[in-house]
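The values are calculated or read from the model by the stated rules, or taken from the named source; none is laboratory data. Please read these numbers as outputs of a predicted model, since none were measured by experiment. Neighbour counts are summed over all protein chains in view; Cβ atoms, including those assigned to glycine, are modelled from backbone coordinates with ideal geometry.
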Amino acid sequence: MIFAGILSIGVWVTDVVLVLGTIAITVLARRIRQPLLALVALLPVIAAVIVIAFQLHVPSPLHALNVLLALGFAGLGIAAGSPLTSLVLQRATRGEAQDGRFGGILVKEKGERSAREVLRGGAAIGYLERLAIVAAIVVGHPEAIGAVIAVKGLGRFSELDSPEARERFIIGTLTSMIWAAACAAIIILPGGALG
């Protein structure tokens, strides 16, 4: 019985450390502009999906460990979304899109002499978007995600006149939202961090 309790604590502490370590690596990936490094964020998510899918439940000896793991997955959903979205955008555009000075992309219309930057502040908007999505799902109001999409679409509407901007907007938004929703689902699903 004591061994089972120690094993349970060990499993939960390892989970928390894995998730927090993964957050640190994804923040580093963003800072050094190496989004490929952020693929490590998939490890705890895949592990959690396997645990949930096969109902491999290890009872938590302390509610605090559940809360820490839930906060870790929320942080992972918010922080790792940025480098993962950058990675998907690099693959989708085959490296042809150029980033601007202020986090947007440079687009050049026919007849224009120089490129202009559109979709500025995309990273900051992405963090806020993922925070709102994780919060909406965790508190049980996923319908609020529709409001997030509407606000983002209306705010960016005037910048979506070029095909490059539309493509990056759609790919980036979907990648970011899917990642945040997956991490939030791990928190609330039965067998997840708080499920």
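Any residue in the range 22-39 that is at pLDDT below 95 sitting within a Cβ distance under 6 Å of a residue that is polar (S, T, N, Q)? List the pairs, counting only those 6 or more apart or interchain.
So the pair list comes out as R30/S82; P35/S86; A38/T26.
Per-residue answers, yes or no, for (1) buried (at least 17 other Cβ atoms within 10 Å of the Cβ); (2) modelled with pLDDT of 80 or more:
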{"residue": "A79", "(1), (2)": "yes, yes"}
{"residue": "T85", "(1), (2)": "yes, yes"}
{"residue": "V88", "(1), (2)": "yes, yes"}
{"residue": "V107", "(1), (2)": "yes, no"}
{"residue": "A115", "(1), (2)": "no, no"}
{"residue": "G126", "(1), (2)": "yes, yes"}
{"residue": "E129", "(1), (2)": "yes, yes"}
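If I go through the range 146-164 residue by residue, how many of them are more than 20 Å from the chain's Cα centre (by Cα) and among the aliphatic types (A, V, I, L, M)?
The number of residues fulfilling the criteria is 2.
Given the condition among the charged types (D, E, K, R), part of a helix (DSSP H, G or I) and out of contact with any Leu (no Cβ under 9 Å at 6 or more places or on another chain), answer yes or no: does some residue in the range 168-186 qualify? I'd like the intermediate steps shown before the answer.
Keep residues of the range 168-186 that are among the charged types (D, E, K, R), which gives 168.
Applying the additional criterion that residues be part of a helix (DSSP H, G or I) yields 168.
Checking which are out of contact with any Leu (no Cβ under 9 Å at 6 or more places or on another chain) leaves us with none.
No, the range 168-186 has no match at all.
Output the residues belonging to the range 11-28 that are within 13 Å of the chain's Cα centre (by Cα) and either farther than 18 Å from V51 by Cβ or among the aromatic types (F, W, Y) (or both).
I23, T26, V27
Working only within the range 23-75, note down all residues that are under 19 Å from I6 (Cα atoms) and touching a Leu at 6+ places or on another chain (Cβ under 6 Å).
The answer is N66, and nothing else.
Being under 18 Å from M177 (Cα atoms) and surrounded by fewer than 19 Cβ atoms within 10 Å (Cβ to Cβ): is that true of V58 here?
Details: under 18 Å from M177 (Cα atoms): no; surrounded by fewer than 19 Cβ atoms within 10 Å (Cβ to Cβ): yes.
It is false that V58 is under 18 Å from M177 (Cα atoms) and surrounded by fewer than 19 Cβ atoms within 10 Å (Cβ to Cβ).
Please enumerate the residues belonging to the range 149-185 that are of a type in the set (V, I, T) and free of Cβ contacts under 8 Å to residues at least 24 places away in the same chain. So that I can check it myself, show each step before the final result.
Initial filter on the range 149-185 (of a type in the set (V, I, T)): 149, 151, 170-171, 173, 175, 178.
V151, I170, I178, listed by residue number.
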